[in-house]
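Encoded as structure tokens, the structure appears first; notes follow it.
The values are calculated or read from the model by the stated rules, or taken from the named source; none is laboratory data. The structure presented is a predicted model; accordingly, all values stated were derived computationally and were not measured. Because the Cβ atoms are built from the backbone with ideal geometry, glycine has one as well, and the counts that use them run over all protein chains shown. To get the accessible areas, we keep the full protein, side chains included, count just its heavy atoms, and leave off ligands, DNA and RNA. Shrake-Rupley method; radii C 1.70, N 1.55, O 1.52, S 1.80 Å.
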Amino acid sequence: VLLVAMLLIAGISSYKVADMAAVAPGLFPEMRSRGAKDGDLIGLLACSAAMADTIPPSIVLITVGSVTGISIASLFTAGLLPALVLAVALAVVTFMRSRAEPPPPSSRPDWALIRKAFPPAIPAIALPFVIRWAVVDGVATATEVSTVGIVYALIVGILLYRPVQWKRFYPVLVESAVLSGAILFVIGTATGMYWSLTQSGFSSDLASAMTTLSGGAAGFLAITIVVFIVIGSVLEGIPAIFLFAPLLLPVARAFGINDLHYAIVMVIAMSIGLFAPPFGIGFYAACAIGKVAPDEAIGDMWRYLAALVLGLIVVAAVPWFTTVLLK
């Protein structure tokens, strides 16, 4: 459910922190009641956010298109199947992990209970579709549409579900401000690192060094994966794209690598680094949203990150995943 929810939400908000903040508060309490460990929760949440970075309307893909001249519509199409490959890799790890755990104490509900609960849930289920409609029809941008979701949730909550407890509003606003401040502080320090790397000329030197290494197209893709995982762990995603995408794309083209294929591999590798401990700022954002100490989650992150890396290797080795929908 968490994986599918992140796939759906990623197609609405286009911002990974917002995706996690939308999904985790609703699912984590139920998952904990079924015996899920905090480390597994954070690992799956963070890696599912990294998985969904190529699902439109991804801000990172829009940035890639704007700085490289690649068609944004083509990038959106090319990113769909790679995201599903990563989702399958995470699903396999989740299935194997859950099989090793004892079954939850509560039994699976029967169809009679599901049929009874489904009609009252329809207004809540409709929220993602309302948000999607608002973006597609131009009512709000991908970053403004959260306001539409809040208004819709308030109206449905007041009219259909239960009286709104206004006394809870102030604590919720305070908690949201604190969480946003912590995340923005981390992103701000990453932006300072971006400025330092730009002024030092590090990005140009690194791109030049990558062109001198042997191995052909496969070797260059492998180096790109390693470099962007490392760079993504110390920079927020968009600054990393601004720094390196314009420099490395012509090099990839010289090796005969399809522009779209290289861009998707680059974005996925950067996203994995963004959520890789101990430096990835996305990892700390996931911990803040899930209210789990980083040292409790860091040990369980690696199995999920390994699944993402394996999925990325498959995507990099098989360009068909990024180009088939464009034919």
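Of the peptides 2-8, 254-260, 166-172, how do they stack up when ordered by the mean number of other Cβ atoms within 10 Å, highest first?
Packing order, densest peptide first, comes out as 2-8, 254-260, 166-172.
For the stretch 226-327, the direction-averaged projected area of the alpha-carbon convex hull comes to 7.1 nm². Each residue of the stretch 276-285 was assigned a 3J(HN,Hα) from its phi angle through the Karplus expression (A = 6.51, B = -1.76, C = 1.60, θ = phi - 60°), giving 8, x, x, 10, x, 5, x, 4, 6, 5 Hz with x at Gly and Pro.
Between Val172 and Val139, the FRET efficiency estimated from the beta carbon spacing at R0 = 25 angstrom works out to 0.50. Counting only helical runs of four or more DSSP H residues, what would the 222 nm mean residue ellipticity of the chain come to if each run contributes -39,500 (n - 2.57) and the total is spread over all its residues? Value at 222 nm, helices only: -25000 deg cm²/dmol. Using a 1.4 angstrom probe on heavy atoms only, work out the carbon and sulfur share of the accessible area of the stretch 230-327 in %. Roughly 71 percent of what the probe reaches on the stretch 230-327 is carbon or sulfur.
Dividing the alpha-carbon radius of gyration of the chain by 2.2 N^0.38 Å (N being the number of residues), what value is obtained?
Working: Rg = 20.6 Å, N = 327, 2.2 N^0.38 = 19.9 Å.
The value comes to 1.04.
Relative to its residue count, the stretch 1-81 spans a Cα convex hull of 80 Å³ per residue. Distance between the 7 Å Cα→Cβ label points at Ile150 and Ser33: 2.8 nm.
Accessible area per residue for the chain, computed on protein heavy atoms with a 1.4 Å probe, is 50 Å².
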